[in-house]
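Enquirer: Let me give you the structure first, and then I'll get to my questions.
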Amino acid sequence: MAKQHKNLVSFGIWTGIALLVAVPVVLATTSPYLGYRSMAYIIGGFAGIVALALFLLQPLLALGALPGVNKAHSRLWHRWVGASIVVAVLLHVGGLYITSPADTVDALLLVSPTAFSIYGVIAMWGVVITAVLVVCRRRLRLRFSTWQLVHNGLALVVVISTVIHAVMIQGAMEEVSKWVLCVAVLATTTGALALHWVVKPLSRRRRLDRKALSD
């Protein structure tokens, strides 16, 4: 009975994740905005949607919280999903540049009149800096605690900027599914960071205190 309950919970979690990721992408394919957009713009736009969806998985993989995936595989998939996000962001920016070079350069220089572009550029540079730090981590010889602090701080900045960027854009994404995905991404990221930096240290401290009192 317990095993069946566990399997049912695992199925529910994976089904929920699949729906959160797939529904916004599928609904975006039905958008009337796509009818008069170039292929480069469409590819770039959907790359952005995919990147947003992948942010849902990263904190869960970092915690090893996905059912049926052990910690070693979670760490491996965390790296691969991170690499996929970098590729998706590059495709997103590249597609927009091919479509409108002047507007893209203005956005990168932070002189674009559209506010959502600023948040998109912040998120982009956050992703780029994170990727560089991952590649150069050994050369920088950062302590693991320092690395975690920097990595998690950048992740929070990237996710918040990405969510603001996404909700401000009136584009191919269907509004309700976009908001649901954005809230889920923000909730999993902040929840994972709170669990790692607040809940776990407090629990560890309480265990040590109880052990000291018992001794």
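Enquirer: Considering only the range 52-70, I want to know if a residue exists there that is part of a helix (DSSP H, G or I), open to solvent by 70 Å² or more (accessible area, probe 1.4 Å) and over 25 Å from residue 183 (Cβ atoms).
Expert: no
Enquirer: If you don't mind, another one. What number of residues within the range 77-122 are in a helix (DSSP H, G or I), among the aliphatic types (A, V, I, L, M) and more than 11 Å from residue 51 (Cα to Cα)?
Expert: Result for the range 77-122: 11.
Enquirer: Wholly within the range 131-194, which helices (runs of 4 or more DSSP H) include no fewer than the required count, namely at least 3 residues that are modelled with pLDDT of 95 or more and under 19 Å from residue 57 (Cα atoms)?
Expert: By residue number, 144-168, 175-194.
Enquirer: Can you name the condition, by its number, that residue 95 falls short on among (1) open to solvent by less than 50 Å² (accessible area, probe 1.4 Å); (2) over 15 Å from the mean Cα position of the chain (by Cα); (3) within 22 Å of residue 19 (Cα to Cα); (4) not aromatic (Phe, Trp, Tyr)?
Expert: It is condition (3) that residue 95 fails.
The values are calculated or read from the model by the stated rules, or taken from the named source; none is laboratory data. What you are looking at is a predicted structure, and each value in this text was computed from that prediction instead of being measured. Please note: Cβ atoms are built from the backbone with ideal geometry, for glycine as well, and neighbour counts cover all protein chains shown. The accessibility values were calculated without ligands, DNA or RNA, using every heavy atom of the protein model including side chains. Shrake-Rupley method; radii C 1.70, N 1.55, O 1.52, S 1.80 Å.
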